[in-house]
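Below is one structure, written out as structure tokens; the observations come after it.
Readers should treat all values here as calculations from the given coordinates under stated rules, not as data from a laboratory. A quick note: this is a predicted structure, and the numbers were derived from the prediction, not measured. Cβ sites come from the backbone with ideal geometry, for glycine too, and all protein chains shown count toward neighbours.
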Amino acid sequence: SVPPKRRVLRVYGVSESAVARALAEAGGEPEGVQATICAHAGEIWVELFGEAEELADTLRGALGGSVFSEDDRPVEQLVLEAARERGLSLAAAESCTGGLVAARLTSVPGSSDVFRGGIVSYDNEVKRVQLAVREETLAEHGAVSAETAAEMALGACASLGADVAVSVTGIAGPGGGAPEKPVG
């Protein structure tokens, strides 16, 4: 027998319950279609088995830009492919993630033609010296701020000669958070 068709909608930025609600509002599983929803490494996967094109279209419409993939390619592969297609080089500037973003990007075979490198700037002095984050930015907004993240990304582009950079800053936890800047 032939296995049923499988399609995976990969979703980011909405909760598992919101995805389940969208499925329920779409009328649930039509005859001959099986749907499963599961959280996976910060993403929500909606696996559809059977003739599920109509349901996939409905869910895509309900979830909008939160659906970033409809196959099994991980986000790091999608990012590298998008950069490659546009002729762009990438870099990473990380604090609380300690190099995990760079590790995921370099886990994809062939990433070296796009990914230039990363700087782990756990300490504010490294942010200042290696990524040119201004002392004023750190004093006024703190290391965990959109302003610092923006300067980290710009600094990574300059330091590593990249066209585009991603930066991550935050409070890794379990301690150190505050109501205005919670863990995470």
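Descriptive notes on the structure:
- Summing charges over all other residues whose Cβ lies under 14 Å from the Cβ of GLU16, with Lys and Arg as +1 and Asp and Glu as -1, gives 0.
- For the chain, the longest principal axis of the alpha carbon atoms and the long axis of helix 16-25 meet at an angle near 30°.
- Considering all C-alpha pairs of region 1-110, those separated by over 25 Å amount to 33%.
- Environment charge at GLY98 (Cβ cut-off 13 Å; Lys +1, Arg +1, Asp -1, Glu -1): -1
- For region 1-52, the list of GluC sites (Glu not before Pro) that fall in a loop by DSSP and count at most 15 other C-beta atoms within 10 angstrom reads GLU31, GLU51.
- Taking Cα centre as origin and charging only the Cβ of basic (Lys, Arg, +1) and acidic (Asp, Glu, -1) residues, the dipole magnitude of region 1-103 rounds to 260 debye.
- Region 127-184-region 5-28 distance, computed between alpha-carbon centres (Å): 33
- With the convex hull of the Cα atoms taken as the outline of the chain, the averaged projected area works out to 13.2 nm².
- If you run the Gaussian network model on the chain, springs between alpha carbon atoms under 10 Å, then out of ASP72, ASP57, ASP113 the most flexible one is ASP57.
- Rule-of-thumb Rg ratio for region 1-59 [Cα; 2.2 N^0.38 Å; N residues]: 1.09
- Value of [θ]222 nm, deg cm²/dmol, for the chain, DSSP H segments ≥ 4, -39500 (n - 2.57) each, nearest 500: -11000 deg cm²/dmol
- Shown here for region 1-94: trypsin sites (Lys or Arg not before Pro) in loop regions (DSSP other than H, G, I, E, B) with at most 12 other Cβ atoms within 10 Å, namely LYS5.
- HN-Hα J in Hz across region 58-65 - Karplus 6.51, -1.76, 1.60, θ = phi - 60°, x for Gly and Pro: 5, 5, 4, x, 6, 9, x, x
- Sparsely packed GluC sites (Glu not before Pro) within region 92-184, loop by DSSP, other Cβ within 10 Å at most 14: GLU180
- The magnitude of the dipole of the chain, with charges of +1 and -1 set on the Cβ of Lys/Arg and Asp/Glu and taken from the Cα centre, is near 360 debye.
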